[in-house]
Amino acid sequence: MAIYLNEDYENFMAFRSADEMNEECLKKQIDDYFDSQVSTILFNANAQRAFFDSRTIEPIWQGMEKGGDGKFYFRGAELLNKPLPTRDNAVNAKRLHENVADPFQFRIDCARKNGGSGWLSMRMNDIHLNNNIDALMHSELWRENPAFRLERHKSKNGTGLDFACPEVRKRVLSLILEYFERFDMDGFELDWMRTPPFFTGGREDENRGIPDEIVRTAKRVSRAAEKRTGHKIKISVRVPSRPEEALRLGLDVIGWARHGWIDTVTPCAFIDSTDGSMPLEIWRALLPGRVELIPGIDILTSPHPDAPVFHNLAEFVNGFAAAFFYRGIQDIYLFNHMDRQTGLRNKTAYRELLQHAGTRESVEKTFRRHVATMVRNQVPGIRPSASLPLPGADFWQDVRIEVGGGTEGRKVQVILAVESADLLPTEDFEVRVDGTPCRCGKTGSDLEFPPAHWQKLTYEVPENALRPGSAVVEFKGRRAAGTIQWCEIDLF
């Protein structure tokens, strides 16, 4: 049991100083990661552009110019660090490649020297800043060819490329070939969650052979690379948290596994929230036994689509990990849980998290918050789903939450967060957990929460009333009392 950690393209380059763009600082970062329960780091090396001196697609710094005023420009406009740290990312990426012969290979080698594994992760269809056509992040293929874009599925961030276009597929396949020809890695991830969709909605079935060919090609070139390097190179895919939703995107994950094209599957919901109730048992039943199942935990948590997203706390991750391990998982995967701004805000808690979140034995002993979350996989025609919100009505309603094991002898509480114009006492609700009535606790909570205007109502769960595994929280208002926006079970 261990942690797989995705290190994204900007974390090292955008959030460190120019003086840190060297081998010593690269090595220190990797050494620090592996001084924990991390076994594998997946280094993301591209978005629309490459974060290395690629011969296949544009490096992130291509077209960037330094003016006489010392500022950096792209397409005539000053490069800024808003809304993303684009300037520092590009400037430091270029500087790092001037100072270090091959930064990504250096990082992979550092991972191995720590007794771990170094993988590369390829983002298949990144859409960062696609709502700004002049942003440095974009490939010229995307910028100059509106017909290649999925304009019908434009999101708040923009729109990705249509994989039905031969030119798009050629670019994707060429980059895969370059990765395997250039780098000696332990594994290679095709990250399909950055970013769906890949086809016009309703045309996924007729185009399903296109992702098939991409995955099959990755497996084929990996075998050639294995002969050259003399070691196994695993092929992994990061895909929607629900197998049927992956299929609706044109991603036949089960077929890939049964054909022997992939070694690992990481089901992981889209960015807005971890899917705490993903159907791991169904995934396991569908996948061949030799294929590893490593569920992903994203950096954000949200109870439903209309609620604000909440940046993860360590105790949220503890909750997700404990629940996944209890359901038979051997390893967990952390996405966007890195050592600088994109990780946990509390860096002391982050270091502690990496020390205990990688095994069932250690994570079950921690303080855990098990939160009811929504499911969003960015599939055209399939809306995000969630148990919440629910009206605080005078009839019984329920929410199911995965809580994992290690429940015996623990102090347990339920917290409901309610949106209401009236001040509500805890006595306004009857609450049960797994059929057992809970005592009213205090109104309010010392724990961190999303919006301050949500009222927090705490209920004490009787000793050993909480069963391990899948728990059900039932509640009934004594009168019409606002809207239940959030529900969690805490183990102290």
Considering Tyr4, Tyr9, which residue is crowded, with 18+ Cβ neighbours inside 10 Å, modelled with pLDDT under 95, under 22 Å from Val237 (Cβ atoms) and within 20 Å of the chain's Cα centre (by Cα)? Tyr9
When the residues of the stretch 4-40 are narrowed to those that are part of a helix (DSSP H, G or I) and of a type in the set (Gly, Ala, Ser), which ends up nearest to Asp126 (Cα to Cα)? Ala14
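Out of all the residues in the stretch 451-461, is one or more surrounded by 13 or more Cβ atoms within 10 Å (Cβ to Cβ), in the same structural domain as Val403 (by TED's automatic domain parsing), of a type in the set (S, T, N, Q) and free of Cβ contacts under 8 Å to residues at least 60 places away in the same chain?
So the first thing to find is which residues in the stretch 451-461 are surrounded by 13 or more Cβ atoms within 10 Å (Cβ to Cβ), and the list is 454-461.
Checking which are in the same structural domain as Val403 (by TED's automatic domain parsing) leaves us with 454-461.
Among the residues that remain, those that are also of a type in the set (S, T, N, Q) are: 455, 458.
So of that shortlist, the ones also free of Cβ contacts under 8 Å to residues at least 60 places away in the same chain come out as 455, 458.
Yes, that holds for at least one residue.
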Okay, strands (runs of 3 or more DSSP E) sitting entirely in the stretch 388-492 with 2 or more residues that are aliphatic (A, V, I, L, M), I get 397-404, 412-419, 429-433, 455-461, 469-477, 483-491
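Being over 23 Å from Leu5 (Cβ atoms) and not hydroxyl-bearing (Ser, Thr, Tyr) is the filter here, so list the residues in the stretch 50-64 that pass it.
Within the stretch 50-64, Asp53, Arg55, Ile57, Glu58, Pro59, Trp61, Gln62, Gly63, Met64 qualify.
So that you can scan it fast, the table gives a plain yes or no per residue for (1) surrounded by 22 or more Cβ atoms within 10 Å (Cβ to Cβ); (2) of a type in the set (S, T, N, Q); (3) over 16 Å from Ile489 (Cβ atoms):
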site: Ala349; (1), (2), (3): no, no, yes
site: Thr359; (1), (2), (3): no, yes, yes
site: Phe367; (1), (2), (3): no, no, no
site: Ile382; (1), (2), (3): no, no, yes
Specify which of the listed residues (Ser362, Ser302) is among the hydroxyl-bearing types (Ser, Thr, Tyr) and more than 20 Å from the chain's Cα centre (by Cα). Ser362
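Considering only residues of the stretch 409-439 that are small (Gly, Ala, Ser) and loosely packed, with under 15 Cβ neighbours inside 10 Å, which is farthest from Pro451 (Cα to Cα)? Please lay out each step first, then the result.
The first filter runs over the stretch 409-439 and keeps only residues small (Gly, Ala, Ser), leaving 409, 417, 420-421, 435.
Cutting the leftovers down to loosely packed, with under 15 Cβ neighbours inside 10 Å gives us 409, 421, 435.
Details: Gly409: 32, Ala421: 14, Gly435: 30 Å.
Taking the candidates together, the pick is Gly409.
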Given (1) β-branched (Val, Ile, Thr); (2) under 20 Å from Pro196 (Cα atoms); (3) within 24 Å of the chain's Cα centre (by Cα), where does Ile108 come up short, assuming only one miss? (2)
Could you check, for the stretch 269-278, whether at least one of its residues is surrounded by fewer than 22 Cβ atoms within 10 Å (Cβ to Cβ) and in contact with a Leu (Cβ under 8 Å, 6 or more places away or on another chain)? yes
Can you confirm whether Asp53 is on the phi < 0 side of the Ramachandran plot and either in contact with a strand residue (DSSP E or B) (Cβ under 8 Å, 6 or more places away or on another chain) or assigned to a strand (DSSP E or B) (or both)? yes
Within the stretch 462-480, how many residues turn out to be among the aliphatic types (A, V, I, L, M) and surrounded by 18 or more Cβ atoms within 10 Å (Cβ to Cβ)? 3
Can you tell me which residue is surrounded by the fewest Cβ atoms within 10 Å (Cβ to Cβ) among those in the stretch 284-311 that are more than 21 Å from Thr359 (Cα to Cα) and among the hydrophobic types (A, V, I, L, M, F, W, C)? Ala285
When restricted to Val375, Val309, the only residue at pLDDT below 95, hydrophobic (A, V, I, L, M, F, W, C) and within 30 Å of Gly202 (Cα to Cα) is Val309
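Among the residues of the stretch 150-170, what is the count of those that are in contact with a helix residue (DSSP H, G or I) (Cβ under 7 Å, 6 or more places away or on another chain) and either at pLDDT below 95 or crowded, with 19+ Cβ neighbours inside 10 Å (or both)? If you could, list the steps in order and put the result at the bottom.
Of all residues in the stretch 150-170, those in contact with a helix residue (DSSP H, G or I) (Cβ under 7 Å, 6 or more places away or on another chain) come to 159, 161-165, 167-169.
Checking which are either at pLDDT below 95 or crowded, with 19+ Cβ neighbours inside 10 Å (or both) leaves us with 159, 161-163, 168.
Residues meeting the conditions: 5.
Just to be sure, is Ala314 surrounded by 19 or more Cβ atoms within 10 Å (Cβ to Cβ), modelled with pLDDT of 95 or more and closer than 23 Å to Tyr350 by Cβ? Explain how you work it out, then say what you get.
Working: surrounded by 19 or more Cβ atoms within 10 Å (Cβ to Cβ): yes; modelled with pLDDT of 95 or more: yes; closer than 23 Å to Tyr350 by Cβ: yes.
Judged against the criteria, Ala314 is a match.
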Restricting attention to the stretch 216-235, does a residue exist that is surrounded by 20 or more Cβ atoms within 10 Å (Cβ to Cβ), of a type in the set (Gly, Ala, Ser), under 18 Å from Leu334 (Cβ atoms) and out of contact with any Leu (no Cβ under 6 Å at 6 or more places or on another chain)? no
Touching a residue at least 12 places away in the same chain (Cβ under 8 Å), of a type outside the set (Gly, Ala, Ser) and part of a helix (DSSP H, G or I) - does that describe any residue in the stretch 222-237? yes
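Is it the case, given these coordinates, that Phe43 is surrounded by 18 or more Cβ atoms within 10 Å (Cβ to Cβ), assigned by TED's automatic domain parsing to the domain that holds Arg123 and not in a loop (DSSP other than H, G, I, E, B)? Break it down stepwise before answering.
Details: surrounded by 18 or more Cβ atoms within 10 Å (Cβ to Cβ): yes; assigned by TED's automatic domain parsing to the domain that holds Arg123: yes; not in a loop (DSSP other than H, G, I, E, B): yes.
Against the criterion (surrounded by 18 or more Cβ atoms within 10 Å (Cβ to Cβ), assigned by TED's automatic domain parsing to the domain that holds Arg123 and not in a loop (DSSP other than H, G, I, E, B)), Phe43 qualifies.
The values are calculated or read from the model by the stated rules, or taken from the named source; none is laboratory data. All of these numbers come straight from a predicted model, not from anything done at the bench. When we count neighbours, we look across all protein chains shown, and the Cβ atoms used for this are built from the backbone with ideal geometry, even at glycine.
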